[in-house]
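The numbers here are math on the coordinates, done by the rules we state, and not lab data. Model, not experiment: these values are computed from the prediction. Every residue, glycine as well, gets a Cβ built from its backbone with ideal geometry; the counts of neighbours run over all protein chains shown.
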Amino acid sequence: MSDLRWFDANNTPPAQTFDLLPAGDYTCIIEADEMKDTRDGLGKRLNLTFQVLTGPHKGRKLWEGLNIVNRSDKAQEIARGQLSAICRAVGVLTPNDTSELHNKPLIVSVGIGVNKETGENQNRVKGFKPMAGTPAVPTRLEGAPKAPAPAASGVGSDADVPF
């Protein structure tokens, strides 16, 4: 048993319970992140905390975990695709640190799924989009500069100079 004589519930408001967010799109920011080892200790999981910025659910939190390094190539591919979508949505394609993704508004698409462990419904992040009016960040294929054609003689010419 633990001693609770120091505690008086009269002086502490009760913890709030939250219903699920309705499925839909929410304006959010990433407010926190943590890189943790996966359960098996063989990978890395990037846990992100999102905060809803507007509407009746302002202040609510959403969480998403990305299996950035994983034994499963498919899990890793999905997570890296999600991270790419986040980077594009906030306009930071080559972050040096996760803090560069924080406090930049983006749209988080939320659905409802079933927790496999408890059988209860829970919110699920379905995707990420830039805010309306934010210019789309091109994909590598769309925005990559074309490589210059090699010079026929094997020696560069003035046309090969990029300026």
What distance in nm separates the simple spin-label points at Glu120 and Thr49, each placed 7 Å from Cα in the Cβ direction?
-> 1.9 nm
Expressed as a whole number of Å, what is the distance separating the alpha-carbon centroids of region 8-43 and region 52-105?
-> 15 Å
Can you find, among Ala89, Ala32, Thr49, the residue farthest towards the positive end of the dipole of region 20-132? Put +1 on the C-beta of Lys and Arg, -1 on that of Asp and Glu.
-> Ala89
Relative contact order computed over region 20-132 (Cα-Cα under 8 Å; 6+ residues apart), in percent = 29 percent
Peptides 7-16, 110-119: what's the order by average Cβ count within 10 Å, highest mean first?
-> 110-119, 7-16
Convex hull around the C-alpha positions of region 20-132: the volume in Å³ per residue is 105 Å³
From the cross-link list Lys44/Lys104; Lys58/Lys116; Lys61/Lys104, the entries with a Cα-Cα span beyond 22 Å are Lys44/Lys104; Lys58/Lys116
